[in-house]
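Only one structure is covered here, and it is reproduced in the block below.
The values are calculated or read from the model by the stated rules, or taken from the named source; none is laboratory data. Everything numeric in this text was worked out from a predicted model, so none of it was measured. Here Cβ is always computed from backbone atoms with ideal geometry, including for glycine, and neighbour counts include all displayed protein chains.
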Amino acid sequence: MQGTFNVDFAYNVAATPPDKAWIVLNYGDGSPDTAPVLWTLTYTSSYAYAAPGHYFTTITVYNLASSVTRTLLVILLVKI
């Protein structure tokens, strides 16, 4: 199947972000990590996958003191 599959990601946090924390995303499709962006309470990102499939997308939040990484499984299916 040709075309792209657009996915919107939204990360909402109820806590106050740590000082000077940064976010990096890896979309799990072999593309490079995103450039770091300053973390806010709500972070959104849009991405276009090239093909249907299973992608382990990771988000890493880090600052000088620590880092946390979480993984999300994105499954893109094609309706036949």
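Numbers at a glance
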{"quantity": "Scope the range 10-22; condition modelled with pLDDT of 80 or more and in contact with a strand residue (DSSP E or B) (Cβ under 7 Å, 6 or more places away or on another chain); matching residues", "calculated": "Ala21, Trp22"}
{"quantity": "Within the range 23-44, considering residues that are surrounded by 17 or more Cβ atoms within 10 Å (Cβ to Cβ) and assigned to a strand (DSSP E or B), the one modelled with the highest pLDDT", "calculated": "Asn26"}
{"quantity": "Complete set of residues in the range 45-67 that are out of contact with any Gly (no Cβ under 8 Å at 6 or more places or on another chain) and assigned to a strand (DSSP E or B)", "calculated": "Ser45, Ser46, Tyr47, Ala48, Tyr49, Gly53, His54, Ile59, Thr60, Val61, Tyr62, Ser67"}
{"quantity": "Residue tally, condition within 17 Å of Asn6 (Cβ to Cβ) and surrounded by fewer than 10 Cβ atoms within 10 Å (Cβ to Cβ), over the range 45-77", "calculated": "3"}
